[in-house]
1. How far, in nm to one decimal, is residue B:41 from itself in the other copies if the label point is set 7 angstrom along Cα toward Cβ? Shortest first, please.
2. Tell me the mean residue ellipticity at 222 nm calculated for chain B from its helices only (DSSP H runs of n ≥ 4, each -39500 (n - 2.57), averaged over every residue, nearest 500).
3. Who wins for biggest fluctuation among B:47, B:93, B:37 in a Gaussian network model of chain B, springs between alpha carbons below 10 Å?
4. Taking the Cα centre as origin and putting +1 on Lys and Arg beta-carbons and -1 on Asp and Glu beta-carbons, what dipole magnitude results for the protein assembly as shown, to the nearest 20 debye?
5. Ratio of the protein assembly as shown's C-alpha Rg to 2.2 N^0.38 Å, to two decimals?
6. Report residue A:54's accessible area, 1.4 Å probe, all protein chains in place, as a number in Å² to the nearest 10.
7. Using 1/(1 + (r/R0)^6) with R0 = 45 angstrom and r between the beta carbons of residue A:85 and residue B:48, what's the FRET efficiency to the nearest 0.05?
8. Measure off 7 Å from each Cα along the Cα-to-Cβ vector at residue A:100 and residue A:29, then give the distance between these two points in nanometres to one decimal.
Number of protein chains: 2
Amino acid sequence: MEEQHSRHPYDLDEETLFLVSQTFKALSDPTRIRILNLLFQREHSVNEIAESLDLRQSTVSHQLRFLKNLRLVKYRREGTTLYYSYEDEHVMNMLKQTIEHSSHS
Amino acid sequence: MEEQHSRHPYDLDEETLFLVSQTFKALSDPTRIRILNLLFQREHSVNEIAESLDLRQSTVSHQLRFLKNLRLVKYRREGTTLYYSYEDEHVMNMLKQTIEHSSHS
DNA sequence: TTCATATATGAATATATAAGCATATATCGA
DNA sequence: TCGATATATGCTTATATATTCATATATGAA
């Protein structure tokens, strides 16, 4: 049986809470931020990301999976190479705004 | 001596990266989201928050300290009671947008 | 089919962090 | 000063998570 939480009328339901927290969690890690920031410019392959940011291939791949699960990025295949690009405009706008908000403060 | 990272021209500097990640980290925890969501309405004392959200007083106090350090909340004192309210409009707008974006999807 | 390259994945580990308990501190009134 | 109430803090523990290594999988070319 599911545990019952009787929430305050102004409290959020569990599903919304989960979605919101996951979205912000995606943007809370420096490595993921750097990856998404790179994707502002243009699509990049996994290796390009790893080289540009000086990260291991497996690290990049793990983080891309995380972002893919949240539909924040997508990819297209060309031979053995996967080109990743961002998929969620709303989230990317938040990221851009917050970077600007933070960099000249 | 500080370690030198030579970053890609499109990469973010360390200070910005830290600020951005901290900001989103604040919004990545369900408890902190619920607290901030409550503060949309009006200021609340620590105990009011704890009761409304069915959380321990120490839990609320710990999280408020976190939010206070990032200047996302402020408080005013009235006797022994501290009334907390939000302080950062930009962050609260992001939160509100993302909640709306997530709740009817 | 075999090789080379690009990417993904599983397991292990180190670190970060949220929550809880117990207790300290602060303010006010008597 | 003492008691009551509100909040903060230190410590501990359980859990989550980022990274790494080693290896698996997938694609295309020879």
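1. Sorted ascending, the copy-to-copy spacings read 4.8 nm.
2. Taking each H run of at least 4 residues, the total per residue is -17500 deg cm²/dmol.
3. Looking only at B:47, B:93, B:37, the biggest GNM fluctuation is shown by B:93.
4. My answer is approximately 40 debye.
5. 1.14
6. 130 Å²
7. 0.50
8. 2.8 nm
The values are calculated or read from the model by the stated rules, or taken from the named source; none is laboratory data. If you're wondering where the values come from, they're calculated on a predicted model, not measured in any experiment. Note: ideal-geometry Cβ built from the backbone for every residue, glycine included; neighbour counts use all protein chains shown. These accessible areas exclude ligands, DNA and RNA; they are computed on the full protein's heavy atoms, side chains included. Shrake-Rupley method; radii C 1.70, N 1.55, O 1.52, S 1.80 Å.
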